[in-house]
Amino acid sequence: MHIGEDTIWAMMAGGLMALTVLAALDAVVTRSGGATRNVLLISTLSAASVLLSGLPEALLPTLAPELFLLLKATLPSLAGALGLHLTGIWLGGDREDRYAHRLTRWGSGGMLLATLAMPLLAVRQSPADAATVLLLSAASSALAALLTMMVAVRATLLGDPLARWLVLACLILAGMLTGLYLHALHVPLGLGWQLATAVSTVVVILIVMVLIVVRNRIVRRLRRLARLETGVDPATGLPTGAKLLSEVDHVFWRTGRLRGKCVVVAVHLGNLYELGEALGRTGEQQILTATAARIRRAAGFRCVVGLYHPRCFVIVFSVDRKRVVDDAITHRIMSLVTAPMTVLGSNDRHRQFVPQIGVSMLTVLPDHVEPQAVINEVEHLAMDMVRDQSEPKEDEAVTIW
């Protein structure tokens with residue numbers, strides 16, 4: 001290879017290495033089996049593509065050509081078998097589509113047997129007769145791509161929203177395999193075709209990685225919702241009921257041992273059900289979710305935030321006994337929470353919602369009070385504030401003659 005070809009394949013190898021590192025970082029962060037399988041697939045596909053490009057042979061000319069022939073014969077077939085098997089898992093396995101599951105399972109099994117047979121063929125061939133082995137490897141990889149395309153098209157027709165992108169990846173994969181194997185067979189290709197092959201290789205593996213990451217996130221979210229613990233509001237994720245009281249009691253106990261003070265703030269959302277008839281239950285959940293996010297943003301993360309009941313949020317701060325707590329907390333909460341928000345209804349209509357809230361604050365010594373009594377008191381103060389805002393003043397009262 002000359003300098004232009006080396007540059008193209010080196011850039012491809014760098015892109016594939018970057019994608020492998022990203023997949024590994026995702027596996028370290030999420031610590032899930034799906035992310036680990038993603039790393040295994042991306043690294044295998046990347047290694048097989050780099051081998052077929054001939055870059056390792058150009059960089060390591062002293063190694064035996066037989067070794068490179070053995071790797072070129074086995075690694076692409078292994079990547080095809082692994083990709084086909086993981087495609088079946090990605091599509092949901094037997095519980096989603098029994099036909100696709102059987103096709104991927106038996107297809108990956110056959111590909112694995114072919115992978116085991118490739119070394120036997122490679123060691124019997126001299127490097128001068130490598131074309132036969134590479135053609136068999138190309139046929140094996142093409143079969144894996146064809147089976148993947150079949151199950152991806154079937155999943156698309158059955159309504160899988162991500163499968164259509166897998167179909168696109170399979171179409172690009174066909175061009176990628178053609179270019180890589182033609183190059184491995186030393187068929188003369190211009191720099192333009194080599195560049196297109198390198199770019200398509202990176203694009204295919206990028207699409208595959210993104211699809212796996214997106215599917216893994218969806219699965220993790222569904223699992224988290226399925227095992228949603230009691231005492232947590234499903235819309236906001238905030239503790240409620242007995243769990244909230246338990247957390248507040250723990251903050252009171254810890255602060256009392258440190259001889260500190262607890263600042264208890266209540267935020268009462270008076271008009272939560274104002275849009276109930278127009279938007280229904282989904283509108284209330286959107287309002288609660290947005291309000292909880294605003295309260296958490298205003299209060300920070302060094303406090304307990306909970307939902308005492310659907311219209312009352314409770315915030316508990318732990319501060320030093322010598323510290324003077326001013327009204328800056330309540331002013332910041334008021335400024336953030338009272339900002340208008342847009343709510344989407346079930347009929348795709350957008351409605352403007354302006355929260356009407358009451359905010360109250362009590363500073364207590366946790367050794368001398370009961371948490372629930374303090375919460376009840378601060379809640380009633382916030383409710384009175386909302387009631388005072390909604391009632392007309394005496395000079396604004398309508399006079400009937």
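The values are calculated or read from the model by the stated rules, or taken from the named source; none is laboratory data. Remember, it's a predicted structure, so these values are computed and weren't measured experimentally. Because the Cβ atoms are built from the backbone with ideal geometry, glycine has one as well, and the counts that use them run over all protein chains shown.
A compact table of results
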item: Helices (runs of 4 or more DSSP H) enclosed by region 157-264 - at least 2 residues per element that are more than 27 Å from R297 (Cα to Cα) and polar (S, T, N, Q); result: 191-226
item: Filtered residue count, region 301-313, keeping only those that are under 18 Å from Q356 (Cβ atoms) and out of contact with any Leu (no Cβ under 7 Å at 6 or more places or on another chain); result: 2
item: Residue in region 289-311 that is more than 20 Å from T236 (Cα to Cα) and more than 29 Å from the chain's Cα centre (by Cα) present; result: no
item: Test: residue in region 311-322 that is in contact with a Lys or Arg (Cβ under 8 Å, 6 or more places away or on another chain) and closer than 21 Å to G241 by Cα; result: yes
item: Flag if A48 is touching a residue at least 40 places away in the same chain (Cβ under 8 Å), buried (at least 21 other Cβ atoms within 10 Å of the Cβ) and in a helix (DSSP H, G or I); result: no
item: Residue ID - surrounded by the fewest Cβ atoms within 10 Å (Cβ to Cβ), chosen from residues in region 140-191 that are of a type in the set (S, T, Y) and within 28 Å of E57 (Cβ to Cβ); result: T178
item: Residue tally, condition loosely packed, with under 14 Cβ neighbours inside 10 Å and touching a residue at least 60 places away in the same chain (Cβ under 8 Å), over region 368-386; result: 1
item: Residue that is surrounded by the fewest Cβ atoms within 10 Å (Cβ to Cβ) [pool: residues in region 29-45 that are free of Cβ contacts under 8 Å to residues at least 60 places away in the same chain and under 24 Å from G88 (Cα atoms)]; result: R31
item: Matching residues, region 225-271, being surrounded by fewer than 17 Cβ atoms within 10 Å (Cβ to Cβ), modelled with pLDDT of 85 or more and among the hydroxyl-bearing types (S, T, Y); result: S246
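Yes or no, residue by residue, for (1) at pLDDT 85 or above; (2) in contact with a helix residue (DSSP H, G or I) (Cβ under 8 Å, 6 or more places away or on another chain):
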| position | (1), (2) |
| --- | --- |
| S108 | yes, yes |
| T115 | no, yes |
| L120 | no, no |
| P127 | no, yes |
| A130 | no, yes |
